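Only one structure is covered here, and it is reproduced in the block below.
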Amino acid sequence: MSAIRLLVLGAVRQHGRAHGYQVRNDLEFWGAHEWSNAKPGSIYHALKQMARQGLLRAHDTAPSTAGGPPRTEYELTPSGEAEYLRMLRHALTAVDEKPDMLTSGVGFLVDLPREEALALLRRRVAALEEWSAEVAREWTPEGAPEEWGHIGEIMRLWVHTARSGAEWTRGLIERLEAGAYVMAGEGERSVEVLPPGVENPYA
């Protein structure tokens, strides 16, 4: 599953309607161009592709009064909304995806009701603990560590990654249980990426 689709859908959704340059600015400010494939070409390609697939509705706008060309604004269709939420839930629970998928999911975590987010994160912890136990049981070398040489370090890396991932997730669960963040259905929150008066350094 591609993180770029989740990132683009989520960025458009936050604004209601957004053009490609706005989506690009948001994602670059989040640093998504560093930890995912959210490069300018990928963003514009994803917008056009998902519009063709019926996940986004395209609106042509009037030319800029300053003389700039017209821009196409996008908004999620009902199918796009369903796909966005499906991908978000998957990103928070799947333990076999690339790191950019989880990072994208955490970035849009607040779009879910608190109890649903907690349930999904608990599923993630359970999956990580199960994977860690399986690796330790089935794949970790028995006896002296030298028996598998440096290849044994791969299994130790898997176990360490799973355990540390579960520990981080449990911490997030505790913060959410304590009331951190404004989740879906809990009131108004700003959809702007930047604080008031702060200019986007990537614009």
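A few notes on this one:
- Gain on full stretching of the segment that runs from ASN37 to ILE151 - 0.36 nm per residue minus C-alpha separation: 38.1 nm
- For the range 70-109, a Kirkwood radius taken over Cα pairs fed into Stokes-Einstein (10 °C, viscosity 1.306 mPa s) yields D = 141 µm²/s.
- The range 1-91 - Rg over Rh from alpha carbon coordinates, Kirkwood radius: 0.97
- Using the Karplus relation 6.51 cos²θ - 1.76 cosθ + 1.60 with θ = phi - 60°, the per-residue 3J(HN,Hα) values for the range 121-130 come to 5, 5, 4, 5, 4, 4, 5, 5, 5, 5 Hz, with x marking Gly and Pro.
- Under a 5 Å amide H cut-off, with hydrogens placed 1.01 Å from N, LEU56 pairs with ALA51, THR77 among residues at least 5 apart or on other chains.
We did not get these values from a lab; they are worked out from the coordinates using the rules stated. In this text the structure is predicted, and so the values were computed from the model without any measurement.
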